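Asker: Please see the structure below; I have some questions.
The values are calculated or read from the model by the stated rules, or taken from the named source; none is laboratory data. Since the structure is predicted, the reported quantities are computational estimates derived from the model, not experimental observations. Cβ atoms come from the backbone with ideal geometry, glycine included; neighbour counts cover every protein chain shown. Only protein heavy atoms, including side chains, enter the accessible area calculation; ligands, DNA and RNA are left aside. Shrake-Rupley method; radii C 1.70, N 1.55, O 1.52, S 1.80 Å.
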Amino acid sequence: MKETYITTNSQALTESDSPVLEIWGPTSLKGEVRISGAKNSALAIMAGTLLCSDDCRISNVPSLMDVGRMVQILAALGVKINRKQDTLEINATEIGQTQAPYDLVSQLRASFFVIGPLLARLGVARVPLPGGCAIGARPVDLHVRGLQAMGAEVTIEHGIVHAYVKGSSRRLKGASIYLDYPSVGATETIMMAATLAEGETTIGNAAQEPEVEDLANFCRSMGAKIRGAGTNTIIVSGVERLHSTDYPIIPDRIEAGTFLVAGAITHSPISLYPVIPEHLSPVIAKLKEVGCNVILEDYKRLRLVPGELRATDIETLPYPGFPTDMQAQFMALLTKSEGNSMVTETVFENRLRHVAELQRMGADIKVKGNVAVVKGVPFLSGAPVMATDLRASAALVLAGLAARGKTVVQGLHHLDRGYENIEDKLRQLGANLQRV
Ligand code: UD1
């Protein structure tokens, strides 16, 4: 059966009509690349605008398919939303709908995050179980248990999560919640819900990802009382309402990490701007282990200094550990690093599907369970490959830059979900590639 998907302009395409990316390698890159706003911050913050019954302006929003889908979801809920360059003007004074549309939520897991703000604002929310990348089962039990602890009644019927708050005030109540796992999404759902709840909420074993902190800072810019975001304990004192804000999104650490690997795999000295270097610490540490250097050129500007690539081991972990969203790209790098590297994926249970595609390009990788052993080879060869998820698609582009000959990457809808203008950015650095 042909796969159908929605493009940014909502035009339905089928897989056989889909564009492919042709890349000629090996290539050398040179110059500076501009890093876009963080996708994962943008998606959570867009959901967070539902908390505010006034105007919100969010700037540095990347132009991505996932952002387009979130715009459609907010619009379907009755929110007024307008895009001017990289700024979204959002007004959620009137929320006409409490049910998020299935066809959109099923394509974007982050859209489930609207459940917390809807429930906090209106006392009722109905959101289909989410979809998104096929990298694992990705349940929402932690989100649901958090909302239940705050007094919500939650049932799941026919694939839709119904949540409502009993009582005349329809207000959630602060609670002490300890997460079994530091889930990014669950931390964000509970934190957003708690901003308008009655009393204090404590989230223990909270996710510490920079995007969680960015969401907290956004909520604080609207008057929310949140402490501890960015640590493993977040404390939220509920307020009655939130006010208008104008908020810029942080730079995307995963896009930045992907370009650092592009420099490393092609032995090219490239610069990146703007970045928040601390957010890249686990990635920079590993780049140093494989023989590269990363220099802070000045405030928010990093330079990758390439080196002879040697093997290292990687284990993905919640922040500040090595990010699962950089695992595929790093694996591409390790295919060309001398020696044996071990890559262990602990965050998602099905996130090694790019291995088969890298093997088509001549990579020597063996997989057992969630562990891949990568033996460096002298060179990769261009081949037709299929992107299996968002970050896997980036890994194949990186491998294509380094491989000899032509690589043809299919499944570009994955790439378009999370990388703004990646072809233009790579072309400006000197890569030889085109979408056909
Ligand atoms: C977010 C990011 C995604 C990143 C991931 C981990 C967004 C939009 N996406 O996804 O890019 O790869 O963090 O850094 O921000 N889990 C449960 N029950 C739950 C929730 C999660 O078991 O209720 C499990 C998941 O199946 C997964 C693990 O926890 O195995 C981590 O998931 P989580 O941190 O929630 O990731 P997302 O928020 O979905």
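Asker: Go through the stretch 378-430 residue by residue and tally those that are over 23 Å from the mean Cα position of the chain (by Cα) and either over 18 Å from Ser28 (Cβ atoms) or surrounded by fewer than 24 Cβ atoms within 10 Å (Cβ to Cβ) (or both).
Answerer: So the answer is 14.
Asker: Kindly establish whether Glu349 is under 21 Å from the mean Cα position of the chain (by Cα), surrounded by fewer than 16 Cβ atoms within 10 Å (Cβ to Cβ) and within 15 Å of the ligand (Cβ to nearest atom).
Answerer: Taking the combined requirement at face value, the residue satisfies it.
Asker: In addition: So the check is Cβ under 6 Å with 6+ separation or different chains; which pairs have a first residue in the stretch 19-30 that's in a loop (DSSP other than H, G, I, E, B) and at pLDDT 95 or above and a second one that's small (Gly, Ala, Ser) and open to solvent by 20 Å² or more (accessible area, probe 1.4 Å)?
Answerer: What qualifies is Leu29/Gly430; Lys30/Gly430.
Asker: Being aliphatic (A, V, I, L, M) and either in contact with a strand residue (DSSP E or B) (Cβ under 9 Å, 6 or more places away or on another chain) or farther than 22 Å from Ala186 by Cα (or both) is the filter here, so list the residues in the stretch 87-119 that pass it.
Answerer: If the condition is that a residue be aliphatic (A, V, I, L, M) and either in contact with a strand residue (DSSP E or B) (Cβ under 9 Å, 6 or more places away or on another chain) or farther than 22 Å from Ala186 by Cα (or both), then Leu88, Ile90, Ala92, Ile95, Ala100, Leu104, Val105, Val114, Ile115, Leu118, Leu119 are the ones that fit.
Asker: Which count do you get for residues in the stretch 170-183 that are surrounded by fewer than 22 Cβ atoms within 10 Å (Cβ to Cβ) and farther than 15 Å from Ala125 by Cα?
Answerer: Looking only at that region, the number is 9.
Asker: Say we look at the stretch 154-169 and pick out the residues that are more than 21 Å from Tyr102 (Cα to Cα) and either of a type outside the set (S, T, N, Q) or at pLDDT 95 or above (or both); which of these is surrounded by the most Cβ atoms within 10 Å (Cβ to Cβ)?
Answerer: Looking at the filtered set, the residue picked out is Val165.
Asker: How about the stretch 201-217: which of its residues are near the ligand (Cβ under 9 Å from one of its atoms) and either among the hydroxyl-bearing types (Ser, Thr, Tyr) or part of a helix (DSSP H, G or I) (or both)?
Answerer: Scanning the stretch 201-217 gives Glu211, Val212.
Asker: Now a separate question. Does Thr93 qualify as being open to solvent by less than 30 Å² (accessible area, probe 1.4 Å) and more than 15 Å from the ligand (Cβ to nearest atom)?
Answerer: No, not satisfied.
Asker: I'd like to verify a number: residues in the stretch 106-121 that are free of Cβ contacts under 8 Å to residues at least 40 places away in the same chain and within 24 Å of Met150 (Cα to Cα), how many?
Answerer: Going through the stretch 106-121 one residue at a time, the tally reaches 0.
Asker: State all residues of the stretch 65-97 that are at positive phi and more than 22 Å from the chain's Cα centre (by Cα); if no residue qualifies, say none.
Answerer: The answer is Gly78, and nothing else.
Asker: Report the residue count in the stretch 39-64 for those that are among the aliphatic types (A, V, I, L, M), part of a helix (DSSP H, G or I) and either away from the ligand (no atom under 14 Å from the Cβ) or surrounded by fewer than 24 Cβ atoms within 10 Å (Cβ to Cβ) (or both).
Answerer: Looking only at that region, the number is 2.
Asker: Another question about this same structure. State whether one or more residues within the stretch 114-122 are more than 30 Å from Val347 (Cβ to Cβ), touching a helix residue (DSSP H, G or I) at 6+ places or on another chain (Cβ under 9 Å), charged (D, E, K, R) and open to solvent by 30 Å² or more (accessible area, probe 1.4 Å).
Answerer: Yes, the stretch 114-122 contains a residue that is more than 30 Å from Val347 (Cβ to Cβ), touching a helix residue (DSSP H, G or I) at 6+ places or on another chain (Cβ under 9 Å), charged (D, E, K, R) and open to solvent by 30 Å² or more (accessible area, probe 1.4 Å).
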